[in-house]
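Asker: Structure incoming, see below.
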Amino acid sequence: MAFCNYPVSGLIIRRVMVILIPRRRFMNPVGQPLQQRALSKRLLSAGIIGVLLFALFQIYPQLMSSSPDTDTTVISKSEAKAQAARFAAQKLGLQADAEDHWGVVYQSDSDFYGYMSREKLLGEYAKQQLDQRYPFDVFHVTLYPASSAVSNLSVDLNMYTGEPVGFSTQAETSASGGTGRSTSAGSSPAAASEDAAPLSLQQQESLARPWLQEWGVNPSKLQIEPGTGDFTLVYSNSSVTIGESRLMYKFSFSPQGKVNQFKAGFTAPGWHTSYVEDQVTLGTRLNLYGYYLPTIALALLALIYSILRRSHTSFARGAFLSVVHFAIMMGSTYNSLPETFSDSPDARLNALILFVIYTLFSLLMSLMLYFSLVAGDGLWRKEEGLNPWPRAHEPGYGQYVLDSIKVGYVWAFVLLGVQSLMFLVLSFTLNNWYTTDPAQSPFNMKYAWLLPAVAWLAGLSEEAIYRLFGIRMLQKIVRNTFAACLITTLIWAFGHTLYPIYPVSSRPIELTVVGLLFSYIFLRYGFIAAMFSHVVFDSILIGSSLIFMREPVNITAGAVSIILPFLVAYIVYWFNRRRPPAEPFPAARKSLY
């Protein structure tokens, strides 16, 4: 082969191929007492280095991203409601009725944050303290009248200080008070008629002036810009810029002659917004054709081979894990569903439809996990004589699980270091960057502390589908272990292209490296160790994000999530440590191997 002429590259490729070719000494043979491979000093050293790299490149930057003089504790949602109600009463003259509902969701200007992340402007934004007055992350507080699905007021609040930074209202001008009725500051009696002509520029400026003064802005230093979207009056302040973006103050007005919408802040340049739209389109296509369709094909093959290999496995094997997976997935789904703040029939119907859809999706994913476990177990036992997923009654099972969690933690540390290095390399080669995504934020979950459950979903289902079943299935098709590992890894990697990391190509590159290492862990240490390494890897990432939320309950949940895999493994060990050795496999079954 050509690469043999080059000692260094040839050695690397040969080493990779040797690592990824499964040998019987890697996994336990069927019917033999279980033993997990011992951790070498080299691997332990790599784990220590991985933790240090993770702390240096992922934890330390987050610690340094905020000034020590700045309070980064997020206000509670109840505080946000109280602040919004106070602002509505004092500044808009709007009083909520007792039957009305307040809703709070986290929102973010992902385009502007992504622009600053891409252009390395986040530090400058914080240094100028623009994030205090013009935050890109806000609590969006809405007021819903009783039995209505349409809000009549929304207030944007700084998540950390609770200060209002914008508002929008559909309230009608009236002196009677009550929900939907206000005597808003800035209203113009001359324009109060329903049949009034459109407001002139001078009238709009007159209505906007009190709000600008309320925000501490001198109108004489602003320039009028063309209106955009719903905003008919837009001011810019050319003396306050961040990159190509200028500070903007945007207003819209009701026919009754009052300010019904105000927003202050920055906007990402048009070229950046267009780029993101193109990237999202690309990510959607890769997700559909690179992930969903091949995964559906694997699901059908898993169903077929579960039937064909039923004599070499058991249909009861994956049932418990699949039920647990379904329960966790339903809990996570409920936790992530948008809150319904209205008691209207439409709102209740929409919530019911969403719940049914997510229930069916959870059921399908759990069935796919089930058949992947059954088929994967049967394929390895029948065709390789190997036991990558031991049964609980097999000799040495308890100690094997305890040793596997040790392997899982060490390899998770290695993977965190590899991921950190990949981020560093991709930042220099592809200039990759990330942005916010409210849809995936724990701030929009009912209980953020339940987020670590996602780590168990990913570790269990993805290792079963793409490693336990996927690798052996692809080996049968392509007749090459490395190719089988690469194909299943690419399918898994393309399933992450809708994350807010750009360019989209950087995510599959990063996860291909990580996924090949997961494949290696599976082939060398078995399914349980691979699953634990994946769960620990995700638990550390998710747990760290909860800890950085700086709320006692989330800090506790984050810490618990990191040690929970060990606790689970130790409980399994405890209940299996004194079991007598199992009887050998029947002679008829042993003869198959």
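No lab work stands behind these numbers, since they all come straight from the coordinates. This is a predicted model, so every value here is computed, not measured. Here Cβ is always computed from backbone atoms with ideal geometry, including for glycine, and neighbour counts include all displayed protein chains.
Asker: Can you bin region 273-582 into rounded, prolate or oblate? Criterion: square roots of the alpha carbon gyration tensor eigenvalues sorted a ≥ b ≥ c, rounded for a/c under 1.5, prolate for a/b above b/c, oblate for the rest.
Answerer: Rounded.
Asker: Tell me the label-point distance for the pair Arg42, Phe548, using the 7 Å Cα-to-Cβ offset, in nm and rounded to one decimal.
Answerer: Rounded to a tenth, the inter-label distance reads 3.4 nm.
Asker: If each of Leu421 and Ile353 carries a label point 7 Å out from its Cα toward its Cβ, how far apart are those two points in nm?
Answerer: Those two pseudo-labels are separated by 5.0 nm.
Asker: Might you report the magnitude of the Cβ-based charge dipole of the chain about its Cα centre, with Lys and Arg at +1 and Asp and Glu at -1, to the nearest 20 debye?
Answerer: 3640 debye
Asker: Within 10 Å of each residue's Cβ, count the other Cβ atoms and sort Lys258, Lys77, Lys120 from fewest upward.
Answerer: Starting with the residue having the fewest Cβ neighbours, the order is Lys120, Lys77, Lys258.
Asker: Can you put Met368, Met422 in order, fewest other beta carbons within 10 Å first?
Answerer: Met422, Met368
Asker: Can you bin the chain into rounded, prolate or oblate? Criterion: square roots of the alpha carbon gyration tensor eigenvalues sorted a ≥ b ≥ c, rounded for a/c under 1.5, prolate for a/b above b/c, oblate for the rest.
Answerer: prolate
Asker: Moving to a separate point now. Which whole-Hz ³J(HN,Hα) couplings does region 27-34 yield from phi under the Karplus relation 6.51 cos²θ - 1.76 cosθ + 1.60, θ = phi - 60°, glycine and proline marked x?
Answerer: Going residue by residue, I get 10, 6, x, 4, x, 9, x, 7 Hz, with x marking Gly and Pro.
Asker: Let me ask something else. Within a Cβ distance under 14 Å of Gln223, other residues only, what is the Lys/Arg minus Asp/Glu net charge?
Answerer: Computed value for this residue: +1.
Asker: If the cut-off is a Cα-Cα distance under 18 Å, which aspartates and glutamates reach Lys406, setting aside same-chain residues fewer than 8 apart in sequence?
Answerer: Straight-line reach from Lys406, under 18 Å: Glu463, Asp538.
Asker: Which of Leu363, Phe251, Val234 sits farthest toward the positive end of the charge dipole of the chain, with +1 on the Cβ of Lys and Arg and -1 on the Cβ of Asp and Glu?
Answerer: Leu363
Asker: Kindly write out, for region 554-571 in residue order, the coupling ³J(HN,Hα) from the Karplus curve 6.51 cos²θ - 1.76 cosθ + 1.60 (θ = phi - 60°), rounded to whole Hz, with x marking Gly and Pro.
Answerer: Rounded to whole hertz, the list is 6, 4, 4, 4, x, 5, 5, 4, 6, 9, 4, x, 5, 4, 5, 5, 5, 4.
Asker: Excluding Ala319 itself, what net charge comes from residues whose Cβ is under 15 Å from its Cβ, given Lys and Arg +1 and Asp and Glu -1?
Answerer: Here the count lands on +2.
Asker: Once the dipole of region 273-582 is set up with Lys and Arg at +1 and Asp and Glu at -1 on Cβ about the Cα centre, which of Ala439, Val401, Phe518 lies farthest towards its positive end?
Answerer: Val401
Asker: Sticking with this structure for a sec: For Asn431, put the label point 7 Å out on the Cα→Cβ axis and report which residues of region 102-131 keep their amide N under 14 Å from it.
Answerer: The answer is 115-121, whose backbone nitrogens lie closer than 14 Å to the label point.
Asker: In nm, give the distance between the simple-model label positions of Ala297 and Ala126, each being 7 Å from the Cα along the Cα-to-Cβ direction.
Answerer: 4.5 nm
Asker: While we're here: Hey, fewest Cβ within 10 Å first, where do Thr169, Thr267 land in order?
Answerer: Thr267, Thr169
Asker: Let me ask something additional. Can you give me the angle between helix 201-214 and the longest principal axis of the chain, using Cα atoms only, in degrees from 0 to 90, rounded to the nearest 10?
Answerer: Helix 201-214 sits roughly 70 degrees off the main axis of the chain.
Asker: Rounded to the nearest 500, what is the 222 nm mean residue ellipticity of the chain from helices alone, with -39500 (n - 2.57) per DSSP H run of 4+ residues and division by all residues?
Answerer: Rounded to the nearest 500, it is -17000 deg cm²/dmol.
Asker: Would you tally the net charge around Leu426, using a Cβ to Cβ cut-off of less than 11 Å, leaving Leu426 out, and scoring K and R as +1, D and E as -1?
Answerer: With Lys, Arg at +1 and Asp, Glu at -1, the net is 0.
Asker: Which of Lys81/Lys120; Lys77/Lys258; Lys127/Lys221; Lys120/Lys221; Lys41/Lys476; Lys81/Lys250 have a Cα-Cα distance over 32 Å?
Answerer: The pairs that break the limit, which is 32 Å between Cα atoms, are Lys81/Lys120; Lys41/Lys476.
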